[in-house]
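The values are calculated or read from the model by the stated rules, or taken from the named source; none is laboratory data. Predicted, not measured: the structure shown is a model, and the values here were computed from it. Methodologically, a virtual Cβ is constructed for each residue, glycine included, from the backbone with ideal geometry; neighbour enumeration extends over all protein chains shown. Just the protein is used for accessible areas: all its heavy atoms, side chains included, with ligands, DNA and RNA removed. Shrake-Rupley method; radii C 1.70, N 1.55, O 1.52, S 1.80 Å.
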Amino acid sequence: MRFAGQAFRLGRYAIHFHMVGEVRNSYVRANSIHHTFNRAVAIHGVHYLRVTDNVVYETMGHAFFLEDGQETKNVISGNLGVNTRESFAMLGSDTTPATFWIVNMDNTVTRNVAAGSSHYGFWYFMEPEVRGASAALPGMEKVCPQGVPLKLFSDNEAHSNGRYGLK
């Protein structure tokens, strides 16, 4: 998949799972996503999604993107992200993007490689509360992403990134 995603358009990403809750039988597997204008894989309000063995190259903004802080039990494994570039189209953090941007630590992140991002390879960004569209869901006022223990972060590699491999 190439030239996917629409810059300056919220929710217009190459692959986007949006507010569908538990997706135990769904996966994003063995895709080639390159030269995107707005992210590569967005996981928003989703649990139990498997994102495995994908290659992402030349992406604008965060490449593998878990969005609001309530996304849990997802498996992100065996992916390669290369040349993640800054974008001035979406979140302020997209101006300093990460190949893997994760906002809740209750996700399994293993055997991934982040190479050549303009800024970060892996960025765990936990806020004190769920934000965005998910904040309006019942029970979200009780979820504190900052207080969630790390599920699994193992055998990942980050190199040749502009700032840090892991933030």
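Sorting the Cα pairs of the stretch 15-81 by distance into bins of 10 Å, from 0 upward, gives 23, 56, 21 percent per bin.
Residue separation of Leu137 and Arg2 scaled by 0.36 nm, minus their Cα-Cα distance, works out to 45.2 nm of gained length. Taking the protein heavy atoms of the chain in the context of the full set of protein chains, the accessible area attributed to carbon and sulfur is 54 percent at 1.4 Å. Set the Förster radius R0 to 25 Å, insert the Cβ-Cβ distance between Gln146 and Thr96 as r into 1/(1 + (r/R0)^6), and round the FRET efficiency to 0.05. Efficiency, rounded to the nearest 0.05: 0.80. Residues whose amide H comes within less than 5 Å of that of Ala158, counting only those at least five positions distant or on another chain, are Ala114 (H built at 1.01 Å from N in the peptide plane).
The mean of 1/r over all distinct Cα pairs in the stretch 57-138, once inverted, gives the Kirkwood hydrodynamic radius of 12.9 Å.
Under 5 Å from the amide H of Gly121 lie the amide H atoms of Thr99, Tyr164, Gly165, Leu166, each residue being 5 or more positions distant or on a separate chain, with H modelled from the backbone and absent for Pro and chain starts. All distinct Cα pairs of the chain go into the 1/r average, and the inverse of that average, the Kirkwood radius, is 15.3 Å. The phi-based Karplus calculation (6.51 cos²θ - 1.76 cosθ + 1.60; θ = phi - 60°) puts the 3J(HN,Hα) values of the stretch 84-100 at 7, 10, 5, 9, 10, 9, 10, 5, x, 5, 5, 6, 10, x, 10, 5, 10 Hz, whole numbers, x for Gly and Pro.
Computed 3J(HN,Hα) for the stretch 101-107, one whole-Hz value per residue from the Karplus formula 6.51 cos²θ - 1.76 cosθ + 1.60 where θ = phi - 60°, is 10, 10, 10, 8, 7, 7, 9, glycine and proline marked x. Using the Karplus relation 6.51 cos²θ - 1.76 cosθ + 1.60 with θ = phi - 60°, the per-residue 3J(HN,Hα) values for the stretch 30-44 come to 6, 9, 10, 10, 9, 6, 8, 9, 6, 6, 10, 10, 10, 10, 10 Hz, with x marking Gly and Pro. Rolling a 1.4 Å probe over the protein heavy atoms gives the stretch 57-105 an accessible area of 25 Å² per residue. Length available on full extension from Glu129 to Tyr48: 0.36 nm per residue minus the Cα-Cα distance, which gives 27.1 nm.
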